[in-house]
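Each remark here refers to the structure printed beneath this line.
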Amino acid sequence: MSIPSLEIKNLSISFGVGRSGVLAVDRANFRVGSGEAFGIIGESGSGKSTILRAITGLHDNYDGDVLIDGQMAPRPRNRDFFKTVQMVFQDPYSSLHPRRMIRATLMEPLEIYGLDRRDARIAQALSDVGLAPEYAYRYPHQLSGGQRQRVAVARALLLEPRILLLDEPTSALDVSVQAGVLNVLNALRRARGLTYVMVSHDLRVVAHMCSRIAVMTHGRIVEELSVEDLRAQRAEEPYTRTLIAASRAAVTAD
Amino acid sequence: MTDPLLEVRNLRVAYPSAHGYSDALRGISFTLGREKLGIVGESGSGKSTAGRAIMRLLPAKARVTADVLRLSDVDLLAARESEMRDIRGGRVAMILQDPRYALNPLKTAGSQIMESYRIHTKASRAEARDRMLAMLEDVHIHNPGRVAGLYPHELSGGMGQRVMIAMMLIASPEIVIADEPTSALDVTVRGQILEILNERVEAQGAGLILISHDLPLVSDFCDRVLVMYGGQVMEELAARDLSRARHPYTVSLHASLPPLDHAVEELIVPEYDPSWLTETTNEHPKP
């Protein structure tokens, strides 16, 4: 692989100190190539979301390296970093400011970065995620969950980042709505050659979206496998097998 | 089948809104025997409202009507509130989604289970304690004495849900309504919890209503499935026939799930047809 878009080297994150300290992520390593979709799967408390939060700088006291295009990510993260890396959060009900019109939410990154043609960019971002331009004049409570998550994706894409971190982007949504949001994310990645790192507890979603998948439990990446291996259930680690078996249990009806 | 445990005919629930009443349930009908019935639907389909209407737990402003809403010998719509208190937890029990919110945070697991038993029986404390410990063992808790003394925040999600199952089944109800009992749990724990629920319900000969948004899970677990949309039942089918579902809503819901064993280019996004709702008295519930 040439220089990866995103690389994590020996990333460790702990919370608290001394005896009450918890090692949330224990020496995690992975590389994500340009235009690739990489998935991290694990159960609650496995540390998967913590990795994304460390990459984006929300947890600043990590050990190890975060490299973007082979360059060490600055600490604290600076403006250039966020032009390259953006994040979409899990819960679209809490990630949009409830008292701000969608337009104001979308305007903020444009103002911070002093970009021009703001209204045109907002209209374009909304149409990219399948929303009509009128949605800019609504408040979050006037949108459904799926529409809000589309707005969150539009916000992340306004700065035209190359790397998108997706933290359980559809777990708060119904499956029918999830299908639409996943289709939008896939189409955008193909059209723009975006790089995704997607965290999820849902094996189906990760398998649909990602080509390589890391399996996490208790803060450690225990296995990394290709989506083909995942589908064919060729896993080495017992934990991965348990996870696949539990997720497949309900698939027998297919 | 003998007389049904529960009979529901033309159940309607409406809430007051700016323009008169707006319907949450638009005339659903079903019966429940000693079996496992699944109610599947997406948010806003009315599936939880149905469960709560049976328990008469809807807010006072809700307007609930039905041709029949009967628990074997009791007319649930006409029952006095004092009768309902005996029925809730005693004859019809409800298991909720997240034990972290549904259990009382200030009482130990054991005392909550005992409370549920003593409200519905005349048992002494000592007797209730024995039953509670036996019940914890029945839900596969290996060290009942220790777990009984723990507070809800000290329990994992799976443990909490076992405690809730113990609490709900200790009074030997005739019907158990489980509203999304596993959706707050990790996938590897879900199976165990459903297995325990199944075991207890079968051992006690109760009827079970499993309310869920998870179509594969419900069809795997239940005998019969009602598929709900917009406050109406779209389709009723035997769970094993799910792959042969005929209603376009069920078919598209099934197809919108990303498949695990093969890749697809694009997922199918269900489209809704207003004609599915035979009554179009108010706006579409989900745009």
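The values are calculated or read from the model by the stated rules, or taken from the named source; none is laboratory data. Since this is a predicted model, take the numbers as computed values, not measurements. In this analysis, Cβ positions are derived from the backbone assuming ideal geometry, glycine residues included, and neighbour counts consider all displayed protein chains. We work out accessible area using only protein heavy atoms, side chains counted, and drop any ligands, DNA or RNA first. Shrake-Rupley method; radii C 1.70, N 1.55, O 1.52, S 1.80 Å.
Key figures
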| item | result |
| --- | --- |
| Residue in region A:229-250 that is touching a residue at least 40 places away in the same chain (Cβ under 8 Å) and away from chain B (no Cβ under 11 Å) present | no |
| Residue within region B:167-183 that is in a helix (DSSP H, G or I), out of contact with any strand residue (DSSP E or B) (no Cβ under 7 Å at 6 or more places or on another chain) and surrounded by 19 or more Cβ atoms within 10 Å (Cβ to Cβ) present | yes |
| Residue check for B:SER219: within 30 Å of A:LEU185 (Cβ to Cβ), small (Gly, Ala, Ser), at the interface with another protein chain (Cβ under 8 Å from one of its Cβ atoms) and surrounded by 23 or more Cβ atoms within 10 Å (Cβ to Cβ) | yes |
| Residue, nearest to A:SER171 (Cα to Cα), within region B:230-244, restricted to residues that are within 12 Å of chain A (Cβ to nearest Cβ) and open to solvent by 10 Å² or more (accessible area, probe 1.4 Å) | B:SER243 |
| First in region A:10-26 and without any contact (Cβ under 8 Å) to a residue 12 or more places away in the chain, second anywhere and among the hydroxyl-bearing types (Ser, Thr, Tyr), Cβ under 8 Å, 6 or more apart | A:GLY21/A:SER14; A:VAL22/A:SER14 |
| Filter pass, B:ASP261 being assigned to a loop (DSSP other than H, G, I, E, B), open to solvent by 20 Å² or more (accessible area, probe 1.4 Å) and at the interface with chain A (Cβ under 10 Å from one of its Cβ atoms) | yes |
| Region A:116-134, residues that are surrounded by 13 or more Cβ atoms within 10 Å (Cβ to Cβ) and free of Cβ contacts under 8 Å to residues at least 24 places away in the same chain | A:ARG118, A:ASP119, A:ALA123, A:GLN124, A:SER127, A:LEU131, A:PRO133 |
| Test: A:LEU52 is modelled with pLDDT of 90 or more, more than 30 Å from A:ALA136 (Cβ to Cβ) and open to solvent by less than 80 Å² (accessible area, probe 1.4 Å) | no |
| Any hit, region A:97-111, residues being crowded, with 20+ Cβ neighbours inside 10 Å, in a loop (DSSP other than H, G, I, E, B) and of a type in the set (A, V, I, L, M, F, W, C) | no |
| Among residues of region B:23-57, those that are among the polar types (S, T, N, Q) and open to solvent by 30 Å² or more (accessible area, probe 1.4 Å), counted | 4 |
| Boolean, A:GLY130 is closer than 21 Å to A:PRO169 by Cβ and not in a helix (DSSP H, G or I) | yes |
| Among the candidates B:ARG129, B:ARG34, residue that is part of a loop (DSSP other than H, G, I, E, B) and of a type in the set (D, E, K, R) | B:ARG34 |
| Qualifying residue in region A:78-90 (condition: surrounded by fewer than 14 Cβ atoms within 10 Å (Cβ to Cβ), within 14 Å of chain B (Cβ to nearest Cβ) and touching a helix residue (DSSP H, G or I) at 6+ places or on another chain (Cβ under 9 Å)) | no |
| Candidate set: region B:203-234, residues that are in a loop (DSSP other than H, G, I, E, B) and not small (Gly, Ala, Ser); chosen: the one nearest to B:ARG190 (Cα to Cα) | B:ASP214 |
| Criterion: at pLDDT 90 or above, at negative phi and open to solvent by 20 Å² or more (accessible area, probe 1.4 Å) - qualifying residue of B:LEU208, B:LEU136, B:LEU150 | B:LEU150 |
| Residue that is within 8 Å of chain A (Cβ to nearest Cβ), at pLDDT 85 or above and under 26 Å from B:ALA14 (Cβ atoms), where the choices are B:HIS247, B:HIS213 | B:HIS213 |
